[in-house]
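Some notes on the structure that comes next.
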Amino acid sequence: MLIELQSHSTVSDGQLEPAGVVEKAAEAGVTTLALSDHDAVAGVAEAAAAAERLGIELVPAIEVSCVHEFADDLHVCGYWVDLGTIAPACERAQHERVARAGEIVENLQREGFDIHLEDAVEEASGALSIGRPHIARAAGAGEDMGPFFEEYLVPGAKAFVPRRWPTAAQAVELIHGAGGVAVVAHPYWDISEPAKVGELIRALGVDGIEAFYPSHTKEQTAHLLSLCDELNLVPTGSSDYHGPTHKTFSRFGAYDTYGLGEPQLPPPPLP
Ligand code: AMP
Ligand code: MN
């Protein structure tokens, strides 16, 4: 069994088409996969068809980007969401992404970059959700976008523009409203203080925590598992696959369980 509850396709900022992501997952021995494009579900049908062909389980999913007082950039995954019900929220988020990209591009121009919104849109090519990786590439950040992100695109950096909608609470509401299960993604990617991670999760009303994640240390994983135990939440896990040559997230099976447990697939909510 290999559970991978986050992956990204060309519908957002991944490198492969939805079917290509599923093919790579099957090759890597993944048995349960979620395609969780940022603020988009348009790839799910293609992924589901590929998964059926290849004999692996595909969970319909979305990764909603949102804001919270502890983190300007927080992600909540929704599993088992009804695709039609969540579609208007995706559309709104995708529109707001274009507006935000325009503001970030203006900030980069101010920092001396010769970049235009059209360049970022072109980098995004077929993607419904334009994002900071497309902007970074348009600005010439190169293969390893990490240093460019750190200088310009992460919260507090020179060209960063926060999202305005949805809040984390609204993201959870949107997912629940679409009949889905809400799981806070990679909490220690966005927040470093354990006390804040605990406070966030207690307040959010999520159903699960992505405890197993490549960047999580053994201590962080253990903390998240203890929160799952205490609050009766499902521990999930992913390698956050973005494509075969992605600098950070290029393979399945990249998270460490540290012998502390195994990720689980949250069951669909009872109707
Ligand atoms: P956005 O959708 O605009 O919020 O951008 C989110 C994407 O940016 C994530 O999926 C990552 O691929 C990428 N990203 C976020 N933080 C970093 C970082 N520090 N270094 C490189 N890429 C990052
Ligand atoms: Mn994420």
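All of the numbers you see were taken from the coordinates with simple rules; none came from a lab. None of the values given here were measured: they were computed from a predicted structure. Cβ sites come from the backbone with ideal geometry, for glycine too, and all protein chains shown count toward neighbours.
Some observations on this one:
- Helix 218-231 axis, angle to the chain major axis (alpha carbon atoms, nearest 10°): 60 degrees
- From phi via Karplus (6.51, -1.76, 1.60), per-residue ³J(HN,Hα) for segment 18-29 in Hz, x at Gly/Pro: x, 5, x, 4, 5, 4, 4, 5, 4, 4, 7, x
- Amide H to amide H distances under 5 Å link Glu17 with Thr10, where only residues 5 or more positions off or on other chains count and H is placed in the peptide plane.
- Separation of segment 206-271 and segment 131-175, taken as the distance between their Cα centroids, equals 22 angstrom.
- FRET efficiency, 1/(1 + (r/R0)^6) with R0 41 Å, evaluated for Glu96 and Glu219 via beta carbons: 0.70
- Across Glu52, Glu17, Glu173, mean-square fluctuation computed from a Gaussian network of the chain (C-alpha pairs under 10 Å connected) peaks at Glu52.
- Estimated D of the chain in µm² per second, where Rh is the Kirkwood radius over Cα pairs and Stokes-Einstein applies at 37 °C, 0.692 mPa s: 177 µm²/s
- Relative to the longest principal axis of the Cα atoms of the chain, the long axis of helix 44-54 makes an angle of roughly 50 degrees.
- Of the trypsin sites (Lys or Arg not before Pro) in segment 57-130, those whose Cβ has at most 12 other Cβ within 10 Å and which sit in DSSP loop: none
- Between segment 82-126 and segment 20-76, the Cα center-to-center distance that results, in Å: 21 Å
- Rounded if a/c under 1.5, otherwise prolate or oblate - segment 50-132, Cα gyration tensor axes: prolate
- Relative contact order %, segment 60-193, counting alpha carbon pairs below 8 Å whose residues are six or more apart: 39 percent
- Partners of Lys196 within straight-line reach, counting lysines whose Cα lies under 21 Å from its Cα and excluding those fewer than 8 residues away in the same chain: Lys218.
- Shape category assigned to segment 32-183 from the gyration tensor of Cα positions, a/c cut at 1.5: prolate
- For His68, the shell of other residues with beta-carbons less than 11 Å away shows a net charge of -3, using +1 for Lys and Arg and -1 for Asp and Glu.
- ³J(HN,Hα) computed for each position of segment 103-118 - Karplus, 6.51 cos²θ - 1.76 cosθ + 1.60, integer Hz, glycine/proline x: 5, 5, 4, 4, 5, 5, 4, 4, 7, x, 7, 8, 9, 10, 3, 4
- Cα gyration tensor, segment 127-190 - rounded (a/c under 1.5), prolate or oblate: prolate
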